[in-house]
1. Restricting the search to region 411-433, which residues are exposed (fewer than 14 other Cβ atoms within 10 Å of the Cβ) and more than 32 Å from the chain's Cα centre (by Cα)?
2. So which of A551, A567 is surrounded by 15 or more Cβ atoms within 10 Å (Cβ to Cβ) and part of a loop (DSSP other than H, G, I, E, B)?
3. Could you identify the single residue in E309, E333 that is of a type in the set (D, E), assigned by TED's automatic domain parsing to the domain that holds N22 and not in a helix (DSSP H, G or I)?
4. Collect the residues in region 342-385 that are of a type in the set (S, T, N, Q), under 22 Å from A322 (Cβ atoms), touching a Pro at 6+ places or on another chain (Cβ under 9 Å) and surrounded by 15 or more Cβ atoms within 10 Å (Cβ to Cβ), keeping them in residue-number order.
5. Within region 99-140, which residues are among the aromatic types (F, W, Y) and either within 30 Å of R31 (Cβ to Cβ) or within 32 Å of the chain's Cα centre (by Cα) (or both)?
6. Assigned to a loop (DSSP other than H, G, I, E, B) and either touching a helix residue (DSSP H, G or I) at 6+ places or on another chain (Cβ under 8 Å) or without any contact (Cβ under 8 Å) to a residue 40 or more places away in the chain (or both) - does that describe any residue in region 522-538?
7. Tell me, which residue of region 26-36 that is of a type in the set (A, V, I, L, M) and touching a helix residue (DSSP H, G or I) at 6+ places or on another chain (Cβ under 8 Å) is surrounded by the fewest Cβ atoms within 10 Å (Cβ to Cβ)?
8. In region 105-119, what residues are in contact (Cβ under 8 Å) with a residue 60 or more places away in the chain and out of contact with any helix residue (DSSP H, G or I) (no Cβ under 6 Å at 6 or more places or on another chain)?
Amino acid sequence: MKQIIVLGGGYGGVLTAKKLANKLRKNKDVRITLIDRKPYHTLLTELHEVAANRVEEDSIRIDLKKIFSGFRNVEVVLDHIELIDFEAQKLTGLSQSYNYDYLVIGTGSKPTFFGIKGAQEHAFSLWSYEDAVKLKEHALHMFREAVKQPDPQVRQEMLTFVVVGGGFTGVEMIGELAEYTQELCKQFYVDPAEVSLHVADMVDTILPILPKKLIEKAERRLHKLGVNIITGAKITEVAENGVMVGDSFISSRTVIWTAGVEGSDLVGELDVEKQGRQRIVTNDKLQVPEHTNVYVVGDNIFYIPEGSERPVPQMVENAELAAPIIAHNIAAEFTSLPKKSYKPTFHGTMVCIGSKYGVASVGTPKKMYSLSGFPAMGIKHLINMLYLFQVCGFNKVYHYILHEFLNVKNNRSFVGGHFAKRSPNFWLVPLRIFAGWMWFKQGFDKMGKILDDPGAMFLIPAKAVDGTSGASVADTADAVSAASSYSSEALTALPVPDFMKSIVDWSMDLMFYSSDGGYTTLAYIFQTGMVAAELLVGLLLIVGLFTAPAAIVSLCMGVMVWVSGMAPSEMLWYLAASIALIGGSGSTLGLDYYVYPRLKKFWRRLPLVRRWYLYTD
């Protein structure tokens, strides 16, 4: 049995393990083990959202065993690795030792403080799930204590927030913090003028790798949020009650350090060549040159691609591009395929400044596009969802949409609160029961007609002389959607676009009309099926069972009646009610309240469902 160990459950480690598992799933002689200190994968690029209380804490973490629950050839192990012996091909952890045939190092980075006095002791970092939760609680605590503080100097320190580092992490953090402090001011009745926000960096500009135009837009947005930007000022000391920026001391009880990263402690101790803040030098196959059965992924890579002057950046896209190369190269050992070289093509960068505004420079190396505002935020959310789909499929994408758009607090989304859930489902219960009763009544009345005369056709109009389906005004009296009996003079069918009518006429000619001008057997089956569907949908809506699927079927039936040219104006409210009920109201005073939890437990046990994450938590 060949042992492949992926060390680290970050972006690179998770993607490499998943791609290896897929490539080697038919090879019974290979075992993949992913080792990490924590039981969850953390979305490090979204830490600021939790730190500033925009989203729930669980939105930025994914259980590792959940990610690999559908992969029989992957084992997740929780351990802290203290030593790697390359010669013996062995890892030593706190719990046990692990032998490997192939090793992927993806232990990531940690904050670097550049030896600045007091920085590590007194500044908050933002590089883990725990850091984000700690910051959120600390900011809340500062406001809670500030309102009780009689000393104006201490109160000012509590209400002053400084972010050191004007890169992506720092700008995103101060932007979110600006919005969070606005909420806290309302919650604790603090005058917003008392709150002081600063972002500081020793370089001459924030976000230095972005085009100047985007930098200027970012600066304007930060100023609008009340943030003071300090650039070109060296940070020389961080104290318990403030930070020294240039020649000025900013009094603050909250200094957040985002000024840079370096390789993890374990990487720093490895006896391999390293450059650029403890990053491991690799060859073009992403192997450690001294040990070709050892690969490096993510932030730990130090590799300068051909034609480039700089090493690959420490960003998520680097991990996403490197993972499939490493998976292919390791799998090549078992398939005799040639190994591939790492030739990354990066597609730009983006940064959000608060929940509603962002700037992005995206495209290809030959052509980059500058975006800001709504388009930039849209791109960022799309890229996040594409990554999450790779990691945890439908499940995590669904929950991302919930956290970012539907369950947002205080309208903190780039689409505002327009899609946020504002009303409890019990307001929809009367509509659900009424719509269900109307469908059931329609079906019951039509079933009586079928029983009286099984050969009667009343849901499909007679074929017109010219070969098209001839729905008349009188036909609408028996339309599926009719709420009650109407005289033919009082009804007018809803108009149908000509192109759609021609398609419907063609399909009806094909399936429902016989050559002698009568109806085919399929037409009678269709009519009986429609009546049965009305009865079934009506019952399901009345009792609140499978409400969402029933509402979707209700909508489809309404659309079918409309395009057939037999829909009276009453059909409009059927359609509107169906759309409203898709969100579900069966969990309130309905059987969905009891059935769905049990059904979810059964559904999640299915291997195919686990493998493709086709469930919600």
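The values are calculated or read from the model by the stated rules, or taken from the named source; none is laboratory data. All of these numbers come straight from a predicted model, not from anything done at the bench. We place every Cβ from the backbone using ideal geometry, glycine too, and count neighbours over all the protein chains shown.
1. P430
2. Residue meeting the stated conditions: A567.
3. Exactly one residue qualifies, and that residue is E309.
4. T349, S361
5. Hits for region 99-140 are Y100, Y102, F113, F124, W127, Y129.
6. Scanning region 522-538, I find no residue that is assigned to a loop (DSSP other than H, G, I, E, B) and either touching a helix residue (DSSP H, G or I) at 6+ places or on another chain (Cβ under 8 Å) or without any contact (Cβ under 8 Å) to a residue 40 or more places away in the chain (or both), so the answer is no.
7. V30
8. Passing the criteria: K110, P111, T112, F114, I116, K117, G118, A119.
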